Amino acid sequence: MAGPTDLFHRHPDNPILTVRALPYAAGAVFNPGVTEADGETLLLMRVEGFDGRSHLTCARSRDGIKDWRVDAAPVLSPGLKAYPEEAWGVEDARITWIRERAEWVIAYTAYSECGPLVSLAMTRDFRSFRRLGPVLPPENKDAALFPRRISGRYCMLHRPVPAIPGFPAHIWISFSPDLHTWGGHRLLLTARGPGSWDAAKIGMATPPLETPAGWLILYHGVRRMGAGDVYRLGLALLDLDDPSHLIRRLDHWVLGPEAPYERMGDTPNVVFPCGWILVGDEIRLYYGAADSCIALAGASLEEVMTCLLNDSSS
Ligand code: BMA
């Protein structure tokens, strides 16, 4: 049986996308959301401009690895008068196809002058977007929606930050009848504190993936080291009918910065995915590396589930 750190395999062509693939000049491209649209892989990438603010731009590819066609202009940019909470940029889009709505709902970080907060936007074509605006106040980010209602309610995972300096930041779950109003807030997954790889703060990586055994959750965990933060990834499983119930959580991380493009960049030692897709049994995980470029890693869903379900750590 594959151990936790054997599950994900980096693609040999990594990094699969850098700023050189963009049709306009920018500082960095990273942390993409991903979905399948019109038979292609679509990335909604965070692009950092030379003013230091981020916007979102689409890239499409037939095989999801090469020949990316990047839009000539951003699809979601900050600076609109109607959305002052985006004044410092829009970041880290997580895409969920919601079948009953026949549209994608995107949870992203709007960076306001009062800190980061959670905003939602909808699209049917990744060309025009309908913003719902902020749904959770600052400081909050790393939000991801479930693909369907559970017991009649939409569900969202997110990461509020405690106002007390040094307090760890955990993942919460909230519920909504209409995507506008969120309540029933509950603590779901905690940063594990000193001595662990996910000590200081944790946040959702990708939207939850439905499996017969439960909702598969990938999250990032941060450990503060002498030389700075290290971002790694962990797995957990939530109950299908009651996602506020944690079934299992691995003790070990499953992917951490090792490759040079993950170790060196604008922020060293970061692997930061915002999306994955399932192709047959293969999980394709797209992630930002060192806040500078985009990389791809694959894993077998069957192996992931076997590892998680046979783990005796929690
Ligand atoms: C997090 C987010 C991510 C970023 C990561 C590492 O807090 O802001 O966008 O990739 O830090 O710098």
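State whether one or more residues within the stretch 77-87 are hydroxyl-bearing (S, T, Y) and either within 27 Å of P160 (Cα to Cα) or not in a strand (DSSP E or B) (or both). Steps first, please.
Here is the first cut: in the stretch 77-87, the residues hydroxyl-bearing (S, T, Y) are 77, 83.
Checking which are either within 27 Å of P160 (Cα to Cα) or not in a strand (DSSP E or B) (or both) leaves us with 77, 83.
For the stretch 77-87, residues hydroxyl-bearing (S, T, Y) and either within 27 Å of P160 (Cα to Cα) or not in a strand (DSSP E or B) (or both): present.
All but one of (1) at pLDDT 95 or above; (2) assigned to a loop (DSSP other than H, G, I, E, B); (3) within 16 Å of the ligand (Cβ to nearest atom) hold for F126; state the number of the condition that does not hold. With respect to (1) at pLDDT 95 or above; (2) assigned to a loop (DSSP other than H, G, I, E, B); (3) within 16 Å of the ligand (Cβ to nearest atom), F126 is out only on (3). Of the residues examined, A289 is not one that is of a type in the set (G, A, S), crowded, with 19+ Cβ neighbours inside 10 Å, closer than 22 Å to K66 by Cβ and away from the ligand (no atom under 16 Å from the Cβ).
Just to be sure, is V271 in contact with an Asp or Glu (Cβ under 9 Å, 6 or more places away or on another chain), within 13 Å of the ligand (Cβ to nearest atom), more than 30 Å from S176 (Cα to Cα) and β-branched (V, I, T)?
Working: in contact with an Asp or Glu (Cβ under 9 Å, 6 or more places away or on another chain): yes; within 13 Å of the ligand (Cβ to nearest atom): yes; more than 30 Å from S176 (Cα to Cα): yes; β-branched (V, I, T): yes.
Taking the combined requirement at face value, the residue satisfies it.
In the stretch 216-229, what count of residues is obtained for those that are buried (at least 23 other Cβ atoms within 10 Å of the Cβ) and away from the ligand (no atom under 14 Å from the Cβ)? Total satisfying the criteria: 2.
If I go through the stretch 230-257 residue by residue, how many of them are within 16 Å of the ligand (Cβ to nearest atom), assigned to a strand (DSSP E or B) and either of a type outside the set (D, E, K, R) or touching a Cys at 6+ places or on another chain (Cβ under 6 Å) (or both)?
Total satisfying the criteria: 5.
Scanning the stretch 186-200 for residues that are surrounded by fewer than 17 Cβ atoms within 10 Å (Cβ to Cβ) and either of a type in the set (S, T, N, Q) or within 29 Å of G133 (Cβ to Cβ) (or both) yields R186, L187, T190, S196. Summed over the stretch 1-33, the residues that are more than 16 Å from the ligand (Cβ to nearest atom), closer than 26 Å to T57 by Cβ and either charged (D, E, K, R) or not in a loop (DSSP other than H, G, I, E, B) (or both) give a count of 4.
Are any residues in the stretch 175-185 assigned to a strand (DSSP E or B) and loosely packed, with under 11 Cβ neighbours inside 10 Å, and if so, which ones? Explain how you work it out, then say what you get.
First, pick out the residues of the stretch 175-185 that are assigned to a strand (DSSP E or B): 175-176, 183-185.
Residue satisfying the conditions is G183 alone.
Counting residues in the stretch 274-294 that are over 20 Å from V34 (Cα atoms) and in contact with a strand residue (DSSP E or B) (Cβ under 6 Å, 6 or more places away or on another chain) gives zero.
So that you can scan it fast, the table gives a plain yes or no per residue for (1) at pLDDT 95 or above; (2) of a type in the set (F, W, Y); (3) within 12 Å of A21 (Cβ to Cβ):
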site	(1), (2), (3)
D51	yes, no, no
R60	yes, no, yes
S77	yes, no, no
L80	no, no, no
P84	yes, no, no
A87	yes, no, no
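The values are calculated or read from the model by the stated rules, or taken from the named source; none is laboratory data. In this text the structure is predicted, and so the values were computed from the model without any measurement. Cβ coordinates were reconstructed from backbone atoms using ideal geometry, including for glycine residues, and neighbour counts include every protein chain displayed.
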